[in-house]
Structure formats: structure tokens, C-alpha cells
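All remarks here apply to the structure that follows.
The values are calculated or read from the model by the stated rules, or taken from the named source; none is laboratory data. None of the values given here were measured: they were computed from a predicted structure. In this analysis, Cβ positions are derived from the backbone assuming ideal geometry, glycine residues included, and neighbour counts consider all displayed protein chains. Calculation scope for accessible area: heavy atoms of the full protein, side chains included, ligands and nucleic acids excluded. Shrake-Rupley method; radii C 1.70, N 1.55, O 1.52, S 1.80 Å.
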Amino acid sequence: MKKIVYFTLGLASCLSLLVACSKDEDFLKETPKTIYTFETAFQKPTQLDAALVKCYSDFYRLHSWGTNVWEELPAFIGGGGGSASTLLAGYGADVHDEDGSYAHAGSSFSNLAMINPTYSRFLALWNQLYELAAAANVSIRGTEELKDVPEDEKAYAVAQAKFFLGWAYLRLGECFGGVPIIREFTTDIAKYYDRESREDTYAFAIECLKAAADGLPDTQREDGRLTKSAAYHYLAEAYLAQGVETGNAQNYTDAVTAADKVLEKHHLMTSRFGVRADAADPGKSNGVPNYRPDGNVFYDLFQIGNYNQSAGNAEAILVLQTPTYEEQFNNGGRIFNLGNATGQPYKDLVWKEEYKLPMESGAGPGPWSTNIDASQHPSGSVCAYLGGQTWGMYGSTPYVDDYVWEGKYADDMRNAEINLCHPVVLDTKHPMFGQIVTREMISEPTRLMRVSAKVKMQDEWGWDLNNQGQPYSTEYGRDWYAARCAETILFKAEAQWRSGNAAAAAETINELRRRAQCSYMLTAADLPATDGIYTILAERTRELSWEEHRWPQLLRMAKAGTENVVMHHQLLNYAMYIAEVPIYDAARGISWSLFPIPQQIIQGNDAEHPMKQNDGWN
């Protein structure tokens with residue numbers, strides 16, 4: 001039974017009040033049997049753990065690609081709202097965006113003319129990160145109220161909370177620069193908040209993550225719980241960010257040290273493992289054999305049942321736990337709506353005129369619109385092979401699907417069809433039936449995207465079909481990586497490169513490339529002092545697309561107050577509605593290098609203490 005993030009418990013829970021009336025005139029006098037204070041809220045260890053579960057749940061929400069699709073939908077159709085998780089994951093950056101259609105260009109982040117400090121996702125991101133920090137501070141304060149609890153249990157609780165506090169401020173510093181730092185729980189009402197420097201924001205994050213590393217255990221108490229490795233993983237990232245911000249190269253040495261502490265405990269999975277890797281397994285799911293003969297170890301990493309350390313996955317550092325249908329029905333909890341939110345609705349794609357057939361042929365208007373063999377694909381145009389019941393809210397850019405695999409980089413396990421599928425024509429009445437469709441065959445070429453096995457399950461195996469007539473939409477029971485050591489390796493390589501050791505950085509990256517059975521291995525020449533970061537970003541894309549928090553990685557590439565050349569290069573060359581569907585004219589350039597402080601936050605300060613806006617947003 002998965003226990004983490006099934007219950008979201010707030011400290012502001014409503015309490016029943018019993019009213020005692022002894023005389024008529026006392027009718028309106030309330031006499032509560034208890035008052036909900038810190039003293040009563042933290043009397044038992046289970047109450048403290050409930051507060052920590054709120055932290056885990058908030059952390060999950062910030063990784064969830066729009067866990068609540070109804071929360072995300074208003075932003076998708078051009079209104080307000082929208083979760084912060086999609087922005088962190090790279091929505092509108094070089095890797096992900098809308099569905100590539102002209103119809104959605106107006107609401108896309110990468111149509112930069114449309115965004116400003118009032119943009120709803122900026123406020124959502126700011127608020128959700130501060131909510132996580134606040135929940136962490138509440139938990140830390142709560143430990144002070146507990147009586148008769150062993151000190152090691154208190155220390156474990158504080159270490160978990162310190163992790164979430166440090167992670168929240170790391171993301172705030174990366175995305176917004178210097179921000180107000182709330183170091184501890186307080187009931188005081190502030191009329192204004194002062195921004196601290198980005199260096200100080202990173203320093204506070206590092207301080208908290210170091211405290212977490214000191215107090216967390218080496219091994220997980222249960223799936224989804226924090227360990228030292230999780231703290232050291234993000235410490236490596238925080239030191240990288242601080243090194244760029246301060247120019248102090250000691251930070252890069254510290255980043256390598258933190259990464260090595262993770263890699264002492266975790267290693268890449270290099271051979272097939274888990275639920276779909278055993279040729280002798282006769283079992284089936286939804287009629288599909290468990291064993292997938294064309295699978296590989298990278299494919300195995302993303303199969304239901306394979307994510308956790310308890311399943312033998314040594315690569316997993318921190319895994320977000322997702323309930324099965326039965327667990328979610330009985331206990332609640334967050335789930336990924338990847339089936340709804342991500343990928344392309346292939347049934348809507350239409351042939352270019354030269355590939356269309358006359359109506360009397362019986363062929364449909366597109367490769368996947370009709371005439372699909374139900375014996376092979378029972379759900380037709382919304383079958384598992386095409387990614388299921390997607391609304392096409394978020395897709396991949398050609399940078400993810402094509403550019404990083406060009407030339408000598410093509411021969412790579414991660415580029416295999418089992419991991420990144422080029423859908424073939426399923427219309428049995430079209431002469432191209434069974435052939436791969438290319439962009440030049442489609443009326444809107446940028447809408448043709450590859451199907452990633454990370455976010456889609458490309459056969460019927462593993463899907464829970466309990467979903468009100470939309471069987472291939474909600475991926476019950478499919479966990480999600482917040483951190484795996486493949487990213488730790490890339491943090492280490494970047495720190496080595498920034499320290500001037502390109503040869504060591506290349507060899508570190510080659511650990512990933514050897515696992516992926518690439519024919520080409522990097523050398524120091526691939527990581528020049530000026531432009532080597534683009535090689536690292538490309539390798540991050542090959543390994544971590546859909547998983548990584550891409551915007552924070554891009555935003556931390558320059559010191560606050562300076563031009564973020566790396567981020568600008570990536571956006572102007574690869575963002576969907578700049579480079580592919582050129583709604584935003586790249587010649588206009590980009591004036592900003594950090595996300596803006598949300599306008600609502602600036603207006604919240606009183607007139608005597610104005611909060612400075614980031615450059616390029618005034």
C-alpha cells in the first residue's frame with residue numbers, strides 16, 4: 001500500500017463547535033470544547049506526519065504536469081488559471097509547448113508578446129512554492145510542541161521539512177532571482193516584504209539542504225520518503241546555481257562532491273529489469289503479455305511497478321507515489337493526468353492535399369482518423385499506441401523529437417521506437433498503411449510529434465480501464481521520478497565543465513551514453529569553453545525530456561542582472577512559437593533573463609516599500 005500523498009491534511013481543518021445554551025440570552029454565545037492551536041495541533045507524532053504529508057503533496061503538485069486537468073484547462077484555452085508544474089517542466093521553453101497548432105499560438109508562453117507580470121502561471125508558481133515553504137516551516141515549528149517523542153524522530157521530521165524548505169527556495173531563486181526569505185513560522189502580519197539577493201536566496205537553500213542531508217537516513221523508510229541522496233542531489237544543483245551567480249569556482253567543487261555522495265548510493269540501471277523484462281513470465285495485463293521483447297533498460301525505467309528502489313531500481317532517488325484506481329477511490333491522492341494533458345490527439349491530424357484520397361476510397365482525412373483495425377487497437381483513434389485519450393494540451397518540440405538525435409547522435413537506445421515512437425499510418429484503406437508519417441505529409445507539420453514512453457504507455461498493458469468511458473487517459477499507479485541519478489551525473493558533468501575540465505565532463509556524460517549503447521562518445525572537443533553548455537543541455541534533453549524542470553535549468557544559466565545568453569539562444573532557436581511556428585518574431589529578441597515578480601505580489605507591498613521588478617519587465 002502506498003502511503004505518501006494519499007491524504008492532504010491542512011492545519012486549518014474545520015473543527016466542530018458545540019454550543020451550550022443555559023438561558024435564552026446565551027443563545028449566541030459559543031463555548032468551544034477546544035481551540036485549534038500549535039499546542040493542540042501537534043500533540044502526537046501522527047499529527048506532525050500529517051503536516052509533512054502536506055509538504056510531500058505540495059511537492060508532488062509541483063511536478064505533476066497539471067495533476068488536476070480542470071485546474072490547467074483555463075490557461076490552455078486562453079483564460080486565467082493553470083498550475084505551476086507545467087511551467088517548471090518547460091512549457092513554452094525549448095522542449096515543450098502547446099500542440100504546435102496555429103489555433104493555440106495566442107495562449108502559448110513562447111508567444112512572448114502575450115506574457116507579462118500579470119500572467120497567471122507566474123503567480124501560480126510563486127504561490128505554490130511559498131505554500132510549500134510555509135508548510136515546511138509549520139512542520140519545523142510543530143516539532144517544538146511534541147512531547148515524549150524520541151529526539152531521533154524529531155530530527156527526522158525536521159530534516160524532511162528542511163529539504164522541502166530548501167528545495168522551494170532553490171526554485172524561487174532560479175526562477176525569480178532574489179526573493180523575500182521567510183526563515184521560520186510566524187503569526188505576525190507583514191505589510192511589506194523585502195527582496196533579498198539571489199546569492200542570499202541560494203545560500204539559504206543550500207543551508208536548508210545541508211541540514212536535510214545531515215538529518216535524513218541513508219535508506220528509505222518507505223517508498224517515496226526522502227533520503228540523504230535526495231538532499232545531495234539538489235545540493236549539487238544549488239551549488240551549480242550559486243557558482244554561476246557568484247563566480248566562485250569553489251561552488252563547482254562542492255557540486256561535484258555532493259553529486260559523488262549520491263553516486264556512492266545509486267547507479268545507473270544497465271540491464272533489463274522489472275515487470276516487462278522476464279521472457280519466462282507468462283502473465284498478462286489487459287490481454288497483453290507482461291514480457292515486452294523489444295524493450296530495453298531505458299524503457300524498463302518507465303514501466304508501472306519499476307520506479308521505486310524497493311523494486312530493485314538503483315537509479316531512483318526520489319519517486320512521487322501515485323495511487324492505483326482502488327487506492328485513489330478509497331483514500332484519495334494525486335494522480336497524473338498524462339493521458340489527458342500530454343501528447344498529440346492524432347485523430348485530429350489531417351493529410352496534406354497530395355496525400356488525401358477521394359471520398360469514395362473510404363480512406364479517412366488523416367492517418368489515424370478512421371478504419372483502424374479493432375483487433376489490434378481496440379480503442380481506434382484514441383488507442384494506447386497513439387497515447388490514448390489526450391486533449392493535446394502539451395507536446396514536445398522538434399528539438400526534443402528530432403534535432404538532438406541528428407547525425408552522429410541518432411544511434412542511441414533512447415531514440416529507439418520503443419521509447420520515442422514515430423506513429424505509423426493506421427488507416428487500413430490508405431495505401432500508406434503501416435508506414436511512418438513524416439511532417440511534410442501533414443497539413444500542420446509542427447503538430448506531428450513522437451509518442452514518448454515516459455508519458456504514454458504504448459500498448460494496453462498496465463492501463464487501468466476504470467475511467468468513465470475514457471479508458472486510456474488517467475495513468476493510475478504510474479509513479480513519477482522527481483530525481484534519478486542520471487540527472488545527478490549531468491549536474492556533476494556540468495560542474496566539471498564549469499571548472500575547466502572538459503575531458504572529465506565528457507567522460508562523466510559518457511556514462512549515460514554507454515548505458516544508452518550510443519555509437520558516438522563525447523570528447524573534450526564536444527565541450528568547448530564557450531559553447532559546451534549546449535552539448536550538456538542537449539544531453540539533458542535526450543535523457544530527461546518530460547522529467548526535468550527545464551525552466552529552472554535555463555534561468556540559472558546567468559547571474560541576475562546580466563543577459564541570459566544561453567536561455568535566449570535556446571528559446572530563439574527551438575521554442576515552438578518562435579522557431580517552428582513563428583508567431584513571435586525572433587528578431588525582436590528577448591529583454592528578460594528571469595521570470596518577473598508577479599504583479600499582484602508587487603502591488604501587495606505598501607507604497608513606502610516598493611518591491612523592485614526584475615529587469616526587462618517594466
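For the reader, a short list of remarks on this structure follows.
- Farthest towards the positive end of the charge dipole of segment 466-618, among the residues 472, 502, 483, is the Cα of 502, using unit charges on the Cβ of Lys, Arg, Asp and Glu.
- Among the trypsin sites (Lys or Arg not before Pro) in segment 258-366, those located in a DSSP loop and surrounded by at most 13 other Cβ atoms within 10 Å of their own Cβ are 352.
- Of all DSSP beta bridges in the chain, antiparallel share, percent nearest 5: 85 percent
- Cα centroid of segment 550-618 to Cα centroid of segment 328-384, whole Å: 36 Å
- Here the calculated FRET efficiency for residue 607 and residue 350, from their Cβ-Cβ distance with R0 = 45 Å, stands at 0.20, rounded to the nearest 0.05.
- Ratio Rg/Rh [Cα only; Rh per Kirkwood] for segment 416-555: 1.06
- Residues residue 249 and residue 294, FRET efficiency given R0 of 41 Å [Cβ-Cβ distance, rounded to 0.05]: 0.35
- Charges were assigned to the Cβ only: +1 to each Lys and Arg, -1 to each Asp and Glu. The resulting dipole of the chain about its Cα centre is roughly 320 debye.
- Label positions at residue 310 and residue 182, each projected 7 Å from the Cα along the C-beta direction, are separated by 3.3 nm.
- Share of carbon and sulfur in the accessible heavy-atom surface of the chain [1.4 Å probe, %]: 52 percent
- Working note: 222 nm ellipticity from helices only, DSSP H runs with n ≥ 4, each -39,500 (n - 2.57), summed and divided by the residues of the chain, gives -10500 deg cm²/dmol to the nearest 500.
- Rel. contact order, % - alpha carbon contacts under 8 angstrom, at least six apart, the chain: 18 percent
- Other residues whose C-beta falls under 13 angstrom from the C-beta of residue 422 contribute a net charge of -1, scoring Lys and Arg +1 and Asp and Glu -1.
- If you take all other residues with their beta carbon under 12 Å from the beta carbon of residue 518, and give Lys and Arg +1 and Asp and Glu -1, the sum is +1.
- Near residue 540, once Lys and Arg are set to +1 and Asp and Glu to -1 for all other residues with Cβ below 10 Å from its Cβ, the sum equals -4.
- Cα gyration tensor shape of segment 88-176, rounded if a/c is under 1.5, else prolate or oblate by comparing a/b with b/c: prolate
- Mean accessible surface per residue for the chain, computed with a 1.4 Å probe while every protein chain stays in place, in Å²: 39 Å²
- Here the extension length gained between residue 618 and residue 144 equals 166.3 nm, from 0.36 nm per residue of separation less the Cα-Cα distance.
- Sparsely packed GluC sites (Glu not before Pro) within segment 526-618, loop by DSSP, other Cβ within 10 Å at most 10: 608
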